[in-house]
Amino acid sequence: MTTDRLARAPVSRVSLWNGRTAWLITRHADQVALLRDGRISADNTLPGYPSTSAGSEAARAYSRSFISMDNPEHNNRRRAYMPYFTVKNTRRLAPRIQHVIDGLLDALEQQGPPADLVPDFALPLPSLVICELLGVPYRDHAFFQRASTIVVDTRATPEAVLAISERLVAYLSDLIEYKLNNPGDDLLSRITSRQIAAGVSTKEECATEARLLLIAGHATTANMVALGICVLLQHPEQLAVVRDGTCDQVANAVEELLRYLTIFHLGQRRVALEPIEIGGVRIAAGDAVICAGAAANRDPAVFEDPDRLDVGRPARRHLAFGSGPHQCLGQNLARVELQLAYPALFRRFPGLRLDCGPDDIPFKTAMAIYGIHRLPVTW
């Protein structure tokens, strides 16, 4: 969306895939206000909720986790997972994450160029990390990676999304049943036994939340790893800062990449519970609302020259992880993975470069999570 459009139509009606309409919110300040407003609901079972596709609408029963709940239910369910994703606890995982990164880079070096960094680096890194954290066997990664691809594909049929959602929840239900009888030192063992024993959650509810953590824990970060590498290879002066910079400089660069790329292109979707006035427009109760994070992260009122990548800019105000009570639970883990992955790759392979023209890179334009299908490189 252009800067001029942001100024002229910060709140406007848009048509959805099913013929319904929604209010599209583009300004940064308006989105922060709405996402923190108790009069806006994330409940995807409400009649006015703006589903992203026919497939996502069909799978509502299998996506009813805390991300689709309002307070107090949202806080009650989310609170159990929060201690495992604090800044302090995710930083403790840094040595293990670095070990995973080094192993993947060793394999790349041994294999030699050329390579596709999506299957060889970007995808296995967060998959290995989230599997170990949750206690999901990595040997099953092909199944849940394929499942997550179908779930976030806006072109997938309702039948396909429903079938794979059922299989994934059934798989996780069986895994939770096993962990109840054979607990291990992993998040699912600790959380599910406590939640189920206390009567807070059923096994099926825990499986649904495990599905959310599993898909979000690898799909989002995998796409950010690949996209970040792609854009930095096309901005060598910015790449040098990431490769040679201090920990603080790298951390800041990651925030700028999160802002610049904003992989959730379909926005944060909500329903108004009561009439709300925002940007001079009255949104009625029951109206669908879409907060376009990609537009907010290019808002010139917040970010100077927003269409330019600048890893030195203070970009922490971005909305790549959303805002308000539903702000991404796993954001601290994602930050640690990205802050370690980018410099490690560029230091190991200082001659890394694209093995195709930028126009030949296949981007994921029909997915709920933006990314890259393949990233051919050589060195």
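Listed values, structure above:
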{"quantity": "Sum of side-chain charges, VAL377 neighbourhood, beta-carbon under 14 Å (Lys, Arg +1; Asp, Glu -1)", "calculated": "-2"}
{"quantity": "Listed peptides 32-43, 99-110 by packing density, highest first (mean Cβ within 10 Å)", "calculated": "32-43, 99-110"}
{"quantity": "Cα→Cβ-extended label distance, 7 Å offset, between ASP248 and THR378, nm", "calculated": "4.1"}
{"quantity": "Efficiency of FRET between ALA107 and PHE363 - r from beta-carbon atoms, R0 30 angstrom, step 0.05", "calculated": "0.70"}
{"quantity": "Residues listed by number, region 185-216, amide nitrogen under 18 Å from THR45 label point at 7 Å toward C-beta", "calculated": "200-212"}
{"quantity": "Antiparallel DSSP beta bridges within the chain, percent to nearest 5", "calculated": "85"}
{"quantity": "Mean residue ellipticity (222 nm) of the chain, computed from DSSP H runs ≥ 4 via -39,500 (n - 2.57), nearest 500", "calculated": "-15000 deg cm²/dmol"}
{"quantity": "Hits among aspartates and glutamates - C-alpha to C-alpha of LYS364 under 19 Å, sequence gap 8 or more where chains match", "calculated": "ASP116, ASP120, ASP153, ASP355"}
{"quantity": "Residue-normalised accessible area of region 137-254, expressed per residue, 1.4 Å probe, Å²", "calculated": "43"}
{"quantity": "Pairwise FRET efficiency - ILE196 versus GLU159, Cβ, R0 = 30 Å, nearest 0.05", "calculated": "0.45"}
{"quantity": "Residue among ALA29, LEU239, SER51 farthest towards the positive dipole end of the chain, charges placed on Cβ", "calculated": "ALA29"}
{"quantity": "Relative contact order (percent, whole number), region 318-379, Cα cutoff 8 Å, 6+ residue spacing", "calculated": "26"}
{"quantity": "Estimated dipole of the chain in Debye, rounded to 20 [Cβ of Lys and Arg +1, of Asp and Glu -1, Cα centre]", "calculated": "680"}
{"quantity": "Cα-centre dipole for region 214-323 with unit charges at Cβ (Lys and Arg positive, Asp and Glu negative), debye to 20", "calculated": "280"}
{"quantity": "Difference of contour (0.36 nm per residue) and Cα-Cα distance, GLU73 to GLU304", "calculated": "79.3 nm"}
{"quantity": "Kyte-Doolittle mean at least -0.5 and Cα axial length at least 30 Å: DSSP H helices in the chain", "calculated": "158-181, 203-233"}
{"quantity": "Qualifying trypsin sites (Lys or Arg not before Pro) for region 265-344 [loop in DSSP, other Cβ within 10 Å: at most 14]", "calculated": "ARG308, ARG316"}
{"quantity": "Carbon and sulfur %, accessible surface of the chain computed with the full protein complex present, 1.4 Å", "calculated": "52"}
{"quantity": "Region 214-284 and region 74-151: distance between their alpha carbon centers, rounded to Å", "calculated": "18"}
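The values are calculated or read from the model by the stated rules, or taken from the named source; none is laboratory data. As the structure is a prediction and not an experimental result, all values here were calculated from the model. Here the Cβ is made from the backbone with ideal geometry for all residues, glycine too, and neighbour counts use every protein chain on show. Calculation scope for accessible area: heavy atoms of the full protein, side chains included, ligands and nucleic acids excluded. Shrake-Rupley method; radii C 1.70, N 1.55, O 1.52, S 1.80 Å.
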